[in-house]
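Quick notes on the structure that follows.
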Amino acid sequence: MQLLDVIKTRRSCRKYKREQIKDEELAAVLEAGTYAPTSMGMQSPYIVAVQEATLLRRLAKMNADIMGVTSNPYYDAPTYVLVLAPEAAHNPVQDGSLVLGNMMLAAHAIGLGSCWIHREKEMFATPEGQELLRSWGLPEGLMGIGALALGYPEPENKPLKPRKEGYTRIVR
């Protein structure tokens, strides 16, 4: 796909096939995240891909508890990709957001579905979240930025929303 076509046709996916994505597809999505622009080129975010079933359920429960629901906020995707960044970084939210954006576009370009998931900031501020970060060998002082639900999309027939009137301005 051409880049502008990828940008124009990517949509959030909220229904996934149970089949796990291929290792090379995951590697391509993760690599795209590493090429996102970051403040001062510091590459401060951390990207953690999770596919282990017990851990997926644990993360879903942590997120659901914060959201106040019993459903899976990650839409039962077979892979979750978490993005964290040092709280002390120059622009942790902006840097992590660009990482997530790159990965969503890359996923769409290779036929995967993705959806940005929130509440990772709250999840990883908890003692349970901090314990998970330590168990993954990550440094202290990280904050959750967001996550992606990632997998093969179930076909959905959602029409493209037209772009709103007056979305852009050119000042000359």
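The values are calculated or read from the model by the stated rules, or taken from the named source; none is laboratory data. On a predicted model such as this, the values are computed, not experimentally measured, just so you know. Don't worry about glycine lacking a Cβ; one is built from the backbone with ideal geometry, like all the others, and counts go over all protein chains shown.
Could you list, in sequence order, the residues of segment 145-161 that are surrounded by fewer than 21 Cβ atoms within 10 Å (Cβ to Cβ) and either closer than 17 Å to ILE47 by Cβ or in contact with a His (Cβ under 7 Å, 6 or more places away or on another chain) (or both)? Correct list: GLY146 only. Among the conditions (1) in contact with a Phe, Trp or Tyr (Cβ under 7 Å, 6 or more places away or on another chain); (2) part of a loop (DSSP other than H, G, I, E, B); (3) of a type in the set (Gly, Ala, Ser), the only one that ALA125 does not satisfy is (1).
Name every residue in segment 52-102 that is outside any helix (DSSP H, G or I) and free of Cβ contacts under 8 Å to residues at least 12 places away in the same chain, in order of residue number. The answer is GLU52, GLY68, VAL69, THR70, SER71. Only one of the numbered conditions (1) in contact with an Asp or Glu (Cβ under 7 Å, 6 or more places away or on another chain); (2) buried (at least 18 other Cβ atoms within 10 Å of the Cβ) is not met by GLY141, and that is (2). Check segment 125-148 and report whether any residue there is closer than 16 Å to SER12 by Cβ and either free of Cβ contacts under 8 Å to residues at least 40 places away in the same chain or among the aliphatic types (A, V, I, L, M) (or both). Within segment 125-148, one or more residues are closer than 16 Å to SER12 by Cβ and either free of Cβ contacts under 8 Å to residues at least 40 places away in the same chain or among the aliphatic types (A, V, I, L, M) (or both).
Before we move on, is ASN72 more than 26 Å from GLU31 (Cβ to Cβ), surrounded by 15 or more Cβ atoms within 10 Å (Cβ to Cβ) and not charged (D, E, K, R)? Write out each step before concluding.
Working: more than 26 Å from GLU31 (Cβ to Cβ): yes; surrounded by 15 or more Cβ atoms within 10 Å (Cβ to Cβ): yes; not charged (D, E, K, R): yes.
For ASN72, the condition - more than 26 Å from GLU31 (Cβ to Cβ), surrounded by 15 or more Cβ atoms within 10 Å (Cβ to Cβ) and not charged (D, E, K, R) - is met.
Can you name the residue in segment 32-51 that is assigned to a helix (DSSP H, G or I) and of a type in the set (A, V, I, L, M, F, W, C) and, of all such residues, is modelled with the highest pLDDT? So, considering only residues that are assigned to a helix (DSSP H, G or I) and of a type in the set (A, V, I, L, M, F, W, C), the one modelled with the highest pLDDT is ALA32.
May I ask you to say which residue of ALA147, ALA125, ALA109 is over 10 Å from the mean Cα position of the chain (by Cα), within 28 Å of THR54 (Cβ to Cβ), modelled with pLDDT of 95 or more and hydrophobic (A, V, I, L, M, F, W, C)? Break it down stepwise before answering.
Numbers: ALA147 fails: over 10 Å from the mean Cα position of the chain (by Cα); ALA109 fails: within 28 Å of THR54 (Cβ to Cβ).
Exactly one of ALA147, ALA125, ALA109 is over 10 Å from the mean Cα position of the chain (by Cα), within 28 Å of THR54 (Cβ to Cβ), modelled with pLDDT of 95 or more and hydrophobic (A, V, I, L, M, F, W, C), namely ALA125.
Can you tell me which residues in segment 9-30 are among the charged types (D, E, K, R), in a helix (DSSP H, G or I) and touching a residue at least 24 places away in the same chain (Cβ under 8 Å)? The one that is among the charged types (D, E, K, R), in a helix (DSSP H, G or I) and touching a residue at least 24 places away in the same chain (Cβ under 8 Å): GLU25.
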